[in-house]
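Single-structure report; data block below.
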Amino acid sequence: MDLSAFEADNSVSCRLTSPVPDACRTEDCCLGIDEAGRGPVLGPMVYGICFCPVSKKEELKNLNVADSKTLTEAERENLFLKLDKAKSFVGWALQVLSPNTISTNMLQRVKYNLNALSHDAAIGLVQYALDCGVQLKEVFVDTVGPAEKYEEKLSKRFPGVKVTVRPKADSLFPVVSAASICAKVARDHAVKGWTFAEDLGEVDTDYGSGYPNDPKTKSWLLKYLDPVFGYPQFVRFSWSTAQTLLDSKAFAVHWDDDEEDGEKGAARQKNTSMLSYFSHSKPTGHSPTHKTHRFFTERRLQNVDTF
């Protein structure tokens, strides 16, 4: 699977697609939706769709697709190759949501939670298929949140398409299993081939599973926590595991906003105000030979006294 479009800038989200089979533009089609990487604190979440003519459902089933979580990595890779070779009647598309996209959306002032992100990713992929001329008649979805509400939401958004939302849909409908495999293979490749924008030297790639309760993952998070700038963009810093470690291991900084009393508010909380870094007077004991942190040098940022 070619992830070069995402790897070019893994700080933002990216859509990856296969060619759309001609048969999907002329025959009634079914489409499955599933995701990979919803729970991990490391790496992207990938939403995937797979579609084929309704008349080819049995052929898709005969490829022996199954829920990606029940398969080994080698089995998933082999099944993805089979799906890719069946390009005369099978198409797929993926929305790769970067860790940075997930965290910044979840922590913005107007909260955009993971369920909303997931729903919008799924809706965007279905709309992509329709825009490409795929003759959608049936959509099968692995649920996010209450199945009935999600089914109603999608049915209203796509009138004329029969929508079925079920828990464990990836083990019930082969077209959802196929979407699950595409999404999981893409996530595995993205995590294995992750390019760190930060200057971390030779990175230890023994992340563990990436799930918050994995001791290897926790150890990696501790190892690469910068006490000032936090985590590299590989980490979903909005996850409670990452936030807990930041609260206990990183320096506390008071962020000034309209509701706070600037540096006085910071002093009351025994923190440092961000405004103090831009004051004209140098802190006591400041040395002109102090080495600038790599965050600034990598971005060619310099101190200024006037604007």
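Treating each Cα of the chain as an identical point scatterer and ignoring solvent, apply the Debye formula and state log10 I(q)/I(0) at q = 0.06, 0.07 Å⁻¹.
-0.27, -0.36
Just need log10 I(q)/I(0) for the stretch 66-110 at q = 0.15, 0.30 Å⁻¹, Debye formula, equal scatterers on the alpha-carbon atoms, no solvent, rounded to two decimals.
-0.62, -1.04
Starting from the Cα-Cα distance between Ser171 and Ser4, subtract it from 0.36 nm times their residue separation and give me the gain in nm to one decimal.
57.1 nm
What's the FRET efficiency of Thr17 with Leu222 using the Cβ-Cβ distance as r and R₀ = 25 Å, to the nearest 0.05?
E between Thr17 and Leu222, to the nearest 0.05, is 0.05.
Determine the relative contact order of the chain: mean sequence separation of Cα pairs under 8 Å and six or more apart, normalised by residue count, in whole percent.
Relative contact order, the chain: 23 percent.
Separation between the Gln135 and Ser88 pseudo-spin-labels, each 7 Å from Cα along Cα→Cβ, expressed in nm?
1.8 nm
Take every Cα pair under 8 Å in the stretch 1-141 that's 6+ residues apart, average their separations, divide by the length, and report that relative contact order as a whole percent.
After rounding, I find 39 percent.
Can you give me the % of accessible surface on the stretch 22-118 that is carbon or sulfur? Probe 1.4 Å, all protein chains present, nothing else counted.
50 percent
Suppose R0 equals 22 Å; then what is the FRET efficiency for Tyr211 and Ala250 from their Cβ-Cβ distance, rounded to the nearest 0.05?
0.50
When the Debye formula is applied to the Cα atoms of the stretch 1-78, each taken as the same point scatterer, what base-10 log of I(q)/I(0) results at q = 0.14 Å⁻¹?
Result of the Debye calculation: -0.64.
When the gyration tensor of the stretch 1-156 is built from Cα positions, what are the square roots of 5 times its three eigenvalues, in whole Å, from largest to smallest?
Semi-axes (√(5λ), whole Å): 26, 19, 15.
For the stretch 84-193, I need the span (max minus min coordinate) of the C-alpha atoms along each principal axis, in Å, sorted largest to smallest.
42, 37, 28
What are the semi-axes of the equivalent ellipsoid of the stretch 114-262, taken as the square roots of 5 times the eigenvalues of the Cα gyration tensor, listed largest first and rounded to whole Å?
Taking √(5λ) for each eigenvalue gives 38, 21, 15 Å, largest first.
Give the Cα extents of the stretch 149-235 along the principal axes, in whole Å, largest first.
Between the extreme Cα coordinates on each principal axis of the stretch 149-235 lie 53, 26, 24 Å.
How much length is gained on full extension from Glu148 to Phe295, taking 0.36 nm per residue of separation minus their Cα-Cα distance?
48.2 nm
Keeping every protein chain in place, order Asp206, Asp247, Asp199 by accessible area at 1.4 Å, biggest value first, i.e. largest first.
Most to least solvent-accessible, the answer reads Asp247, Asp199, Asp206.
To the nearest 0.05, how large is the calculated FRET efficiency for Val203 and Tyr128 if R₀ is 35 Å and r is the Cβ-Cβ distance?
E(calc), rounded to 0.05, equals 0.55.
What value, in deg cm²/dmol to 500, does the helix sum -39500 (n - 2.57) over DSSP H runs of n ≥ 4 give at 222 nm once divided by the residues of the chain?
Helix-only estimate at 222 nm: -10500 deg cm²/dmol.
In Å², what does the accessible area per residue of the chain work out to with a 1.4 Å probe?
55 Å²
Please go through the residue pairs Lys87/Lys162; Lys85/Lys162; Lys69/Lys223; Lys87/Lys137; Lys61/Lys85 and name each one whose alpha carbons sit more than 22 Å apart in this structure.
Lys87/Lys162; Lys85/Lys162; Lys69/Lys223
The values are calculated or read from the model by the stated rules, or taken from the named source; none is laboratory data. Fair warning: this is a prediction, and the values are worked out from it, not measured in the lab. Because the Cβ atoms are built from the backbone with ideal geometry, glycine has one as well, and the counts that use them run over all protein chains shown. Accessible surface areas use protein heavy atoms only, side chains included; no ligands, DNA or RNA. Shrake-Rupley method; radii C 1.70, N 1.55, O 1.52, S 1.80 Å.
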